[in-house]
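This report refers to the structure that appears directly beneath it.
Any read-out appearing in this document is the output of simple, stated calculations on the displayed coordinates, not a laboratory observation. Just so we're clear, the structure is a prediction, and the values are computed from it rather than from any experiment. Note: ideal-geometry Cβ built from the backbone for every residue, glycine included; neighbour counts use all protein chains shown.
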2 protein chains.
Amino acid sequence: MRVMGVDPGLTRCGLSVIESGKGRNVTALDVDVVRTPADQPLHRRLLIISDTVEYWMDTHRPDVVAIERVFSNQNANTAMGTGQAGGVIALAAARRDIDVHFHTPSEVKAAVTGNGRADKAQVTTMVTKILALQQKPTPADAADALALAICHCWRAPMIARMAAAEAMAAEQRRKYQATLKATAKAKAKVAR
Amino acid sequence: MRVMGVDPGLTRCGLSVIESGKGRNVTALDVDVVRTPADQPLHRRLLIISDTVEYWMDTHRPDVVAIERVFSNQNANTAMGTGQAGGVIALAAARRDIDVHFHTPSEVKAAVTGNGRADKAQVTTMVTKILALQQKPTPADAADALALAICHCWRAPMIARMAAAEAMAAEQRRKYQATLKATAKAKAKVAR
């Protein structure tokens, strides 16, 4: 499975592509950071991000795009910019019929380091080790993008099992309600 | 000037197009609300919004798109969805080289009702009056989209003057610093 990891942001947007093999085997194919000039109007910055991300998707043809899900624990303006960048990236994937999954920062940290509250240095160290890179990826956004892709590769089987279980539960619920309805009807007939 | 007003949102996204005439004269050309199903994955919902907004832009060819700038005073998840929808809309405008402006809810309310803290009913009443509509626009998102477009039409001359003043100030600053530099150089020469 080929996974594209994205750490969305207006100023710096981390991008990575990883190929997963057997078990927990993962190989890094590409990693980079897109930067957009802060003095440009917002819509122009989003266009730069969108164009770059679309180029990556068309070049690497990932099966899935994993994006960091950000909550508003940051500065309101930064959170808004992250949301806007994330939206543009998810849209680019939807246009290509590529599946999109969101992972929270603590899910990513837990997957890569075993600790949901690990700091940036720990994440970078583990990413370097897991992917057997010659040197540490910099800046932190690049390491985060790689960590996101690794996290998705490792969580994907669990996510698939969860989706299957949920679908089965929904089917059971539907059947149960149909039975309930039929019983109620039969009872009503008897009462008459 | 033709202005497209957008009240971004994942569940309901208000869209409007308004033509401004002389003075404070404004005419509504179109208004609608795009809804996306909550059970669809996020990237599919963004695609629905993007496709609709692109169709509107290609049909009405607005000169400017006015989008509501939302702060995180709402629920974190809603704010994120609003940000993502707003990003996709700003991107559609950037792709068509259409200018984008953001206005805060209080700027919109102040422009339309004279009160930055007006409630939804007051905004709807004033929008209906200003545009001389036969009936009140519903739901509130439609009225908000119209209010946004009106707000931009009325604030546009002020925004243009502000931009001109800022450009002039930057030019003056540049000249002043050049003079300072020249003076310092001359002084250094005399001192030698």
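Using the structure shown, list the pairs from B:Lys22/B:Lys175; B:Lys22/B:Lys109; A:Lys22/A:Lys136; A:Lys109/A:Lys175; A:Lys22/A:Lys109; B:Lys22/B:Lys136 with a Cα-Cα distance above 31 Å, or answer none. Don't jump to the answer; show the numbers that get you there.
Working: B:Lys22/B:Lys175 37 Å; B:Lys22/B:Lys109 22 Å; A:Lys22/A:Lys136 24 Å; A:Lys109/A:Lys175 40 Å; A:Lys22/A:Lys109 22 Å; B:Lys22/B:Lys136 24 Å.
As for pairs spanning more than 31 Å Cα to Cα, those are B:Lys22/B:Lys175; A:Lys109/A:Lys175.
Ranking B:Glu54, A:Glu166 by Cβ neighbours within 10 Å, fewest first, what do you get? Before the final figure, lay out the partial values.
Numbers: B:Glu54 17, A:Glu166 10.
Fewest to most other Cβ atoms nearby, the residues stand as A:Glu166, B:Glu54.
How big is the equivalent ellipsoid of the protein assembly as shown along its three axes, where each semi-axis is √(5λ) from the Cα gyration tensor, reported in whole Å from largest to smallest? Mind dumping the intermediate values first?
Working: eigenvalues 341, 274, 54 Å².
After scaling each eigenvalue by five and taking roots: 41, 37, 16 Å.
List the residues whose amide H sits under 5 Å from the amide H of A:Val100, counting only those 5 or more places along or on another chain, with H placed 1.01 Å from N in the peptide plane.
A:Val65
Taking every pair of alpha-carbon atoms in chain B, give the share separated by more than 25 Å as a whole percent. Can you show the working numbers first?
Values: 7708 of 18336 pairs.
Percentage above 25 Å: 42.
Using Cα-Cα distances under 8 Å and only pairs 6 or more residues apart, what relative contact order does the range A:2-161 have, in percent? Don't skip to the answer; put the middle values down first.
Numbers: 281 pairs, mean separation 48.5, N = 160.
Reported relative contact order: 30 percent.
Taking the radius of gyration and the Kirkwood hydrodynamic radius from Cα positions alone, what is the Rg/Rh ratio for the range B:1-71, to two decimal places? Intermediate values should be presented prior to the final figure.
Working: Rg = 13.3 Å, Rh = 12.9 Å.
Taking Rg over the Kirkwood Rh, I get 1.03.
Taking 2.2 N^0.38 Å as the expected size of a compact globular protein, what ratio does the Cα radius of gyration of the range A:107-168 give against it, to two decimals?
Values: Rg = 13.3 Å, N = 62, 2.2 N^0.38 = 10.6 Å.
In units of the 2.2 N^0.38 Å rule of thumb, it is 1.26.
Can you compute the helix-only [θ] at 222 nm over chain B? Use -39500 (n - 2.57) per DSSP H run of at least 4 residues, normalise by all residues, nearest 500 deg cm²/dmol.
Numbers: 5 runs with 111 residues, N = 192.
Value at 222 nm, helices only, nearest 500: -20000 deg cm²/dmol.
Explain nothing, just the number: dipole magnitude of the range B:1-141 about its Cα centre with +1 on each Lys and Arg Cβ and -1 on each Asp and Glu Cβ, in debye rounded to the nearest 20. List each step's numbers first, then the result.
On the way: 16 positive and 15 negative charges, 71 e Å.
Here the size comes out at about 340 debye.
Considering every residue in A:47-55, what mean count of other chain Cβ atoms within 10 Å of its Cβ is obtained? Don't jump to the answer; show the numbers that get you there.
Values: counts 7, 1, 2, 6, 3, 0, 0, 0, 0.
Mean inter-chain Cβ contacts per residue within 10 Å come to 2.
Place a point 7 Å from Cα of A:Asp119 in the direction of its Cβ. Which residues in the range A:129-148 have their backbone N less than 17 Å from it?
A:140-141, A:144
So what J values fall out for the range A:108-123 if you push phi through Karplus, 6.51 cos²θ - 1.76 cosθ + 1.60 with θ = phi - 60°, rounded to Hz, Gly and Pro as x?
5, 4, 5, 5, 8, 10, x, 9, x, 10, 4, 8, 4, 4, 5, 4
Could you work out the local net charge near B:Thr11, counting Lys and Arg as +1, Asp and Glu as -1, over the other residues with Cβ closer than 12 Å to its Cβ? Could the numbers behind the result be given before it?
Values: positive: B:Arg12, B:Arg35, B:Arg45; negative: B:Asp7, B:Asp39, B:Asp141.
Result for the neighbourhood of B:Thr11: 0.
Roughly how big is the protein assembly as shown's charge dipole about its Cα centre, with Cβ charges of +1 (Lys, Arg) and -1 (Asp, Glu), in debye to the nearest 20? Before the final figure, lay out the partial values.
Details: 52 positive and 36 negative charges, 166 e Å.
Around 800 debye, computed over the protein assembly as shown.
Over all directions, the average projected area of the alpha-carbon convex hull for the range B:45-112 comes to how many nm²? Mind showing how you got there, number by number?
Values: hull surface 19.9 nm².
Projected over every direction and averaged, the Cα hull of the range B:45-112 covers 5.0 nm².
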